[in-house]
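Worksheet: the structure to be examined is printed underneath.
The values are calculated or read from the model by the stated rules, or taken from the named source; none is laboratory data. Note that the structure is a prediction, hence the values are computed from the model and not measured. Cβ: placed from backbone, ideal geometry, glycine included. Neighbour counts: every protein chain shown. Heads up: the accessible areas ignore ligands, DNA and RNA and are worked out on the full protein's heavy atoms, side chains in. Shrake-Rupley method; radii C 1.70, N 1.55, O 1.52, S 1.80 Å.
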Amino acid sequence: MIGIIWPISNIIPPQKHHTILIKSINVIDVKTGLVLENRNILIEGNIITAIDSSEILVKDSNTLLIDGNGKYVVPGLWDMHTHSNQHSPWLHHPLYVANGVTGIRDMSGQLNQKDSYWVGSRERLKWNAELDVHQRVTPRYVLQSSYQIDGSASVPDGFPDFFKLENPEQADSLLQFYKNENVDFIKVYQQIPVNSYRKLAKNAEHYGMHIAGHKPMFLSLEEAVNLGQRSFEHGRIFLFESFPEADSLKHPENWKTNFSKYKKKLIENYNPEVAKELMQLMKSKNAYWVPTLQTIKFEALAHDENFTDNPNLKYITTIRKKLWWDLDTKNNTNRNNAKETKGVSEGFYKIAVEQVKQAHDIGVPIMTGTDVTDSYTFAGFSLHKELIDLTKCGLTNLEALQSATIIPAQYVEKENLYGSVEKGKIADLVLLNHNPLKDIANTSEIHGVLMNGLYYDANKIEELKAFTESAASSFHMNIKVLSSFISSPLIRVQFAD
């Protein structure tokens, strides 16, 4: 009880300066790949009001001057697949900002009751409002998600039946509910009933929403793309469709059994020509792909101590490591070492790497996403790993950088405000010590972060990291996380599944 009621301190944002002048910095143009050398950038409020190669004179004596000599500036990075919870203000938000991740698309939500663990649109919009008035350290939450819509098994007892979507006629009730909650998209999951998905996809636009999430298992990727699903998550979407027994996975009664049975065949009989046709369709329909390479890389390398011995584990609560990550690591290690499944997860990862390059070359828009809070994904830190892995797939450094900046801004239809360093745009910026176009790993060499017009210098960045490290190791935070796990009916049904 002491742990549950013990108050948690909040981190204080930096001092607000109405005017900020960055002097003599190199601007990375993420649209063209050009480097605009020795530019001065004037920020007033939270807007970039001038970028000039000549000196910019300011009248405000309280102007914050930032020496950008020898540094590089890029737009704030966006992570387009995360999962936030009630503890994110302490365990995730500081690490996002410290790593230059200024925007995230959260793929979680609630039903019609506040949950002890998951957050919904109300919490996220409140955090955004507090960010706007400089009262909270947080990334910007771009687009608001529903709860994952996954059929009757995902909805605990005591909640309205329309969340189960057992009947297609319930789609309008679900859409109206989430419209009232200021939700932007319906997060679909694997086991959503086929006819309900079709109705949901056809009607979502009438409510000002779209569909995003997993490829539904019980209908084809082709149909989902044609029905207008705007983004598809994770690295297996083409594998599910590109082997001879693909139709066997579309039966609700036995798809899990068939998936276990045909795992090796998904790899051994993978047909890249089928995948190519689907990628061409996605391009024509402007459907985006978020491959979340970190999640399938974890499955492939869970048995490798060089991978699991990660210095960022200090930012993860003991409760999460013991109740979730250790179990997940053990299960994947056993699969990777078992004779009948040895090499399967590695095969999935290798093909996903090939597909990212293939899809990108065809013209499918690729966005970065890490799937925080899944095993061995770390808020902020993993986005830099995702950028590196995208270049290992064959994307150029510029193309990888675009996947975390201008492409997500285009997806949310706010390219006029975000995604590049330009006059008139929001001043969410990352100052780097070295040029990321020469080495994409340089995105993690952060000199400072400008978030909504506030400047997080090197000392403040270290303070953010230390804050989360301390919170994650504290007794009362671990007790709070455990209590929220146990108390959440949504977590209980997800673990049961």
Inset, instruction - May I ask you to give the percent of accessible area on the stretch 94-216 that is carbon plus sulfur, with a probe radius of 1.4 Å? - result: 41
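Checking the a/c ratio against 1.5 first, then a/b against b/c, what shape does the Cα gyration tensor give for the stretch 336-483?
Here the stretch 336-483 falls in the oblate category.
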Legend entry - Taking only Cα atoms of the chain, radius of gyration then Dmax in Å: 22.5, 72
Legend entry - Per-residue ³J(HN,Hα) for the stretch 134-139, Karplus 6.51 cos²θ - 1.76 cosθ + 1.60, θ = phi - 60°, Hz, x for Gly and Pro: 6, 9, 8, 8, 6, x
Legend entry - Equivalent-ellipsoid semi-axes of the stretch 51-198, from the Cα gyration tensor, Å, largest first: 40, 15, 14
Legend entry - Peptides 144-155, 76-87, 397-408 ordered by average Cβ neighbours within 10 Å, highest first: 76-87, 397-408, 144-155
Legend entry - Pair S220, N310: separation of 7 Å Cα→Cβ label points (nm): 3.7
Legend entry - Around G33: net Lys/Arg minus Asp/Glu count, Cβ-Cβ under 12 Å: 0
Legend entry - Estimated 222 nm signal from helices in the chain, with DSSP H stretches of n ≥ 4 weighted -39500 (n - 2.57), rounded to 500: -11000 deg cm²/dmol
Legend entry - Per-peptide average of other Cβ atoms within 10 Å, ordering 20-28, 269-277, 47-55 highest first: 20-28, 269-277, 47-55
Legend entry - Gyration tensor (alpha-carbon) shape descriptor, the stretch 415-461, a/c threshold 1.5: oblate
Inset, instruction - Determine the percent antiparallel among the DSSP beta bridges restricted to the stretch 34-111, to the nearest 5. - result: 55
Legend entry - Length-normalised contact order for the stretch 287-382 - Cα pairs under 8 Å, 6+ apart - percent: 52
Legend entry - Spacing of the two label points (7 Å from each Cα toward its C-beta) at N334 and D67, in nm: 5.8
Legend entry - Cut-off under 5 Å, modelled amide H: who pairs with H81 long-range: R105, T370, D371
Legend entry - Considering only the chain, percent of DSSP beta bridges that pair antiparallel, nearest 5: 50
Inset, instruction - With label points built 7 Å along Cα→Cβ from the Cα atoms of N10 and A441, find their separation and express it in nm. - result: 3.9
Inset, instruction - Please say if the stretch 61-140 is rounded, prolate or oblate, where rounded means a/c under 1.5 for a ≥ b ≥ c the square roots of the C-alpha gyration tensor eigenvalues, and otherwise the choice is prolate for a/b larger than b/c and oblate otherwise? - result: prolate
Inset, instruction - Using 0.36 nm per residue of separation minus the Cα-Cα distance, give me the extension gain between E354 and K256 in nm, one decimal. - result: 32.7 nm
Legend entry - Two-site FRET efficiency, K179 against N416, from Cβ-Cβ distance with R₀ of 30 Å, rounded to 0.05: 0.75
Legend entry - Amide proton proximity set for T49, modelled H, under 5 Å, gap of 5+: L42, I43, E44, G424
Inset, instruction - Anything over 20 Å Cα to Cα? Flag those among K264/K285; K114/K187; K263/K339; K187/K385, in the order listed. - result: K264/K285; K187/K385
